[in-house]
Structures are given as structure tokens and as C-alpha cells.
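A short worksheet on the structure shown next.
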Amino acid sequence: MNADEDILQLPHIGLKNRAILPELSGIYYVIDEKFIIWYIGKAKNLRTRWAGDSHHRLDQLQKQRKKLFTIYYELVPESLLDATEQQRIEQHSPQLNGTQVKVKKLRPTETLLRETLANLAPYSFVLGVESARKQDLKFIEDALYRQDNWRVKKAVLPLSVIHICINVSELWIGKNGNSGIRFLNRIFRKRTNYSNNWNFACKDDSKYEFLQPRRLLVNGFVIEVYGIKPEAFELIQKYELIQLANVEMRAVDEDSLVILKNKCLLSHVGVDVATENQDHPYEQLSRKAIERIYPYKQDLVKLLFNEALDLTKLEVLPTDTRTLHDSKTGLLVRLANLADKKGYLTALLTERGLDLNRYRVDKYLESIPKDDNYIDNITDKRMTVFIKPFLWNLPEVYLAATVDRVFWLLLETYLSDFAKIKLNAEERYTSKAYVSTRSFIVPATLIVTLNGKWKAGIPFGSKDDMSYKAVVDIITSRLQASGIPKLKFSFTLDSIRS
């Protein structure tokens with residue numbers, strides 16, 4: 001059932017921003033972007049009820065990926081919660097109230113390990129096994145002294161560690177390896193339906209050139225994954241075919257492991273050839289780390305569940321389109337697409353009688369790629385607008401946001417009520433609107449797609465304290481009557497980001 005005007009006048013927060021709900025008792029309504037009521041509930045403390053992922057309906061709501069949910073709430077004394085909730089449910093008949101909550105089935109961690117290994121097997125190998133670190137008190141002492149706490153975490157100390165290396169040079173496609181990075185990010189992504197997940201062994205991102213070391217605790221073992229530098233990889237002479245958690249993989253043979261232990265280090269960035277600075281304390285620790293490893297001979301991870309793997313869904317290492325060339329123009333594909341985009345936009349703006357000199361749009365559109373060395377000028381492409389976020393209530397203070405100049409010129413007529421180009425003398429602005437020490441507002445955005453190809457996000461805000469729904473309705477009506485060919489659009493509500 002659709003929400004009525006009484007509900008839509010209530011205070012509200014986007015589902016993603018539920019952490020800033022008030023700590024008061026009340027009735028809450030979960031409503032989508034079409035103002036259909038999905039769920040009504042009660043809470044003695046609204047913020048606590050929706051804290052983290054604790055709400056029993058959150059999983060159902062989050063699976064509706066095309067829906068934009070908002071929590072509307074009315075403050076009600078605790079003594080009246082039961083009666084008011086029942087009355088509201090009977091009055092509005094929400095979609096989820098009365099339906100059974102689906103319990104998420106947690107899959108075993110061993111299945112996650114096997115899926116990961118099946119994806120990584122062509123690019124990785126088992127380096128070896130390390131005895132439980134708690135047996136080496138000197139190693140623990142040195143690691144703590146060198147602040148390598150990741151090596152000696154409490155959960156890791158009593159377990160044997162199986163070391164896996166990824167040959168990052170095989171994943172390095174193009175000038176910056178973006179395809180390989182995306183490939184690894186998909187493989188190691190967080191998955192809510194597993195009882196455990198891959199975690200970063202170390203959390204200082206500045207230390208890693210390509211692959212952040214990962215760690216997984218499974219069936220009484222620690223699995224550690226990291227990269228191996230090309231110089232160290234070339235020292236390997238032979239592999240043996242082994243199994244790890246019933247997945248076929250390679251493992252370096254005993255002779256190759258001896259060579260690696262003599263010439264390499266195992267540091268926070270993975271396996272690297274030792275330098276001449278052998279007396280450096282951290283190099284000594286890293287050398288000791290690789291010396292502790294012995295050959296991997298047999299499958300150590302015994303399966304408890306042995307779920308069937310769907311090998312038809314293996315991740316595929318993508319080709320880096322940055323290195324591909326367009327057959328017609330000879331330009332890199334991304335630059336050929338950029339040239340097509342600028343040509344289309346120039347024609348569209350001219351056809352609609354818009355002044356290309358406005359906002360210096362002509363300067364940007366006339367800069368066309370002519371060779372592979374072309375760089376798009378971000379200053380020429382972007383401009384600043386000022387908006388009033390719906391989640392913010394500071395008079396005469398605006399939030400500065402950037403927008404694509406060309407898209408703004410095209411859509412300015414339909415959006416100018418809800419974003420300003422210039423402020424009056426008495427008006428002020430800020431580059432970030434903080435709602436707490438670390439959290440700030442990301443403004444509502446109109447997401448526009450032209451000709452089925454080119455997309456841009458345009459921030460917008462409130463005017464005269466208009467609600468988000470009222471503004472969206474006005475913009476929607478205007479765009480539907482705009483006559484812009486092949487125009488598609490959607491909206492996102494303000495959100496909170498840390």
C-alpha cells in the first residue's frame with residue numbers, strides 16, 4: 001500500500017544512513033522510491049533497532065537492489081508502541097509484515113577457500129608450510145619489536161600456516177595493472193553468506209604496490225596469500241602438482257624452495273630477493289620468516305563439508321581496454337569513445353540552440369584526441385555548483401559540489417531551481433558538510449544517461465525546504481517533457497560517508 005500524506009510528512013532517513021536515526025522510541029515505516037510501504041515496525045530505540053546489520057528484515061531489503069528505501073519514523077512513547085504498531089499495520093498492510101523471514105544459509109569457509117584457489121590456480125603456487133609460530137618465542141619477540149604485529153596475532157600463533165604466492169607479473173595488464181587489480185578485488189571481495197572471509201593480513205595500504213596480503217583461517221590452518229616479485233619468481237626451477245583443499249595446484253619443489261630461502265625474504269609485501277643490506281633488523285626478520293617454511297607435500301586441509309563447486313562461474317581475467325586500439329581511428333579505444341562522445345554532445349547542444357561559450361563548454365568539446373598521448377583536462381571538464389542537502393538544515397550555508405560542464409549546460413533549464421552557480425554576498429558554502437567528526441553528506445544526485453552510452457551524475461538539493469520527493473517529482477516532470485533523445489535518468493538520495 002502507498003504511503004499517505006501523513007506518513008510522507010514525517011522525518012525520514014535513507015536506509016543507508018540508518019546509523020543517524022534518533023535514539024528515541026517510535027514507529028518506523030520502510031518505504032521505497034515509489035512510496036510503497038514495505039514494512040512497519042516498532043522500536044524502543046530507533047537507532048539501536050537498526051544498528052549495523054542487526055535488523056531481521058535488512059537482508060530482504062538489501063536484496064532489492066533496484067529499490068531505494070527510506071525509513072520514515074514517528075516518535076511514540078514506549079507505553080503506546082504495541083497498540084500503535086498494530087493499528088498502523090492493519091491500516092496500511094505493508095508488503096513484508098506477516099511474511100516469514102528468510103534465514104541466511106551460511107556456507108563453510110572451506111568452500112570459500114576452494115572457490116578462491118580455483119580462480120587463482122593458473123597464476124599462483126604453494127610456497128610451503130610454516131609450523132605454528134607460538135613454538136618460536138624469538139621470532140615472536142622480534143616481530144613485536146619490529147611492530148610486525150600481523151605475524152603474531154593471537155588467532156594465528158597456534159596454527160600452521162600455508163603460504164601461497166601469486167605471480168603478479170602474470171596479472172599485470174597494461175600500464176598500471178588495473179585489470180589485474182579488479183580481478184583480485186572480485187576474488188577477495190567480502191561475501192556475507194560465508195562463515196568467514198578473507199581479511200587483510202596488514203592494513204597499511206601504502207606498503208603494497210599491487211597485492212595486499214590476505215589471510216583466511218580455515219579448518220585448523222592459516223592460509224596467507226601475497227605476491228612474489230619477478231626477480232624472485234625467476235629463481236624457481238620446478239613445480240610439483242599437489243592438492244590443497246581438494247583443488248589441484250602447483251607447489252615449488254624442495255630444491256627451488258631451498259634456493260628461495262637462501263636468496264629471498266618474506267616481508268609485508270611478499271617474496272622479494274634479498275638486498276645487500278642484510279644487517280638491517282627488518283631484513284633479518286623477513287629472512288627468518290622465509291627460513292621457517294618447509295615443503296608442501298600433501299593435502300593438509302581436510303574437508304568437513306566438501307560442497308560441490310560450480311566451476312562454470314570462475315572469474316575471468318579481463319583484457320585491459322586501455323591497451324586496445326580502435327580499428328577505424330587508430331586511437332586507443334577509450335580515446336576513440338571520448339572523441340565520439342564529444343562529437344555527439346556538440347551536435348546535441350547545437351541542435352537545441354544552446355550557447356557553447358557558456359561555462360566554457362566549447363573549450364572542452366573542441367579538445368579532441370588526436371593521438372594516444374591525449375589527456376582529458378579535468379579543469380576544463382568540471383565546474384562547481386552549490387546545493388542545499390536534504391539532510392542538512394543550516395540557513396544560508398550551501399554545499400559545493402562539482403559537475404560535468406557539458407551535462408550541466410544541457411540540463412540547466414531543468415535543474416537550476418535546485419542548484420546554484422553563484423551565491424549572493426550573504427550566502428556561504430563549505431566543501432564538505434559534516435554530520436559528525438568523520439562522517440559527511442554526499443548530496444542527492446540525478447544520474448543521467450545519454451544515447452545509451454554516456455553517463456554523468458549531477459548533484460541537486462532542496463529549495464525553500466522542499467522535500468526530496470517534491471523535488472524529484474518536479475525534475476522528473478521537466479525531464480520527461482524535455483525532448484532530449486534517448487535520455488534515461490534515475491535519482492539517489494543524500495547519503496552519509498565516512
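The values are calculated or read from the model by the stated rules, or taken from the named source; none is laboratory data. Here the structure is a predicted model, which is why all the values come from computation and not from measurement. Backbone-built Cβ (ideal geometry, glycine too); neighbour counts: all protein chains shown.
Listed values, structure above:
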| quantity | calculated |
| --- | --- |
| Pairs with Cβ under 8 Å, 6+ apart, first in segment 289-305 and in the same structural domain as S160 (by TED's automatic domain parsing), second surrounded by 19 or more Cβ atoms within 10 Å (Cβ to Cβ) and assigned to a loop (DSSP other than H, G, I, E, B) | D299/A245; V301/A245; L303/A245 |
| Scope segment 383-402; condition farther than 18 Å from L354 by Cα and not in a loop (DSSP other than H, G, I, E, B); matching residues | T384, V385, F386, I387, V397, Y398, L399, A400, A401, T402 |
| Condition met for S267 (modelled with pLDDT of 90 or more, surrounded by 19 or more Cβ atoms within 10 Å (Cβ to Cβ), assigned by TED's automatic domain parsing to the domain that holds P122 and of a type outside the set (F, W, Y)) | no |
| L257 vs. criteria closer than 18 Å to E130 by Cα and assigned to a loop (DSSP other than H, G, I, E, B) | no |
| Any hit, segment 232-242, residues being assigned to a helix (DSSP H, G or I), on the phi < 0 side of the Ramachandran plot and in the same structural domain as H163 (by TED's automatic domain parsing) | yes |
| Residue match in segment 75-87 (condition: under 24 Å from the mean Cα position of the chain (by Cα), buried (at least 16 other Cβ atoms within 10 Å of the Cβ) and either among the hydrophobic types (A, V, I, L, M, F, W, C) or within 30 Å of L314 (Cα to Cα) (or both)) | no |
| Test: L446 is touching a residue at least 12 places away in the same chain (Cβ under 8 Å), surrounded by 14 or more Cβ atoms within 10 Å (Cβ to Cβ) and closer than 25 Å to Y72 by Cα | yes |
| Residue in segment 1-57 that is nearest to Q86 (Cα to Cα), counting only those that are among the hydrophobic types (A, V, I, L, M, F, W, C), within 27 Å of the chain's Cα centre (by Cα) and part of a loop (DSSP other than H, G, I, E, B) | W50 |
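A quick yes/no check of all residues on (1) under 18 Å from S462 (Cβ atoms); (2) loosely packed, with under 14 Cβ neighbours inside 10 Å; (3) modelled with pLDDT of 95 or more:
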| position | (1), (2), (3) |
| --- | --- |
| L391 | yes, no, no |
| L394 | yes, yes, no |
| F407 | no, no, yes |
| Y414 | yes, no, yes |
| I421 | yes, yes, no |
| N424 | yes, yes, no |
| R428 | yes, yes, no |
| S431 | no, yes, no |
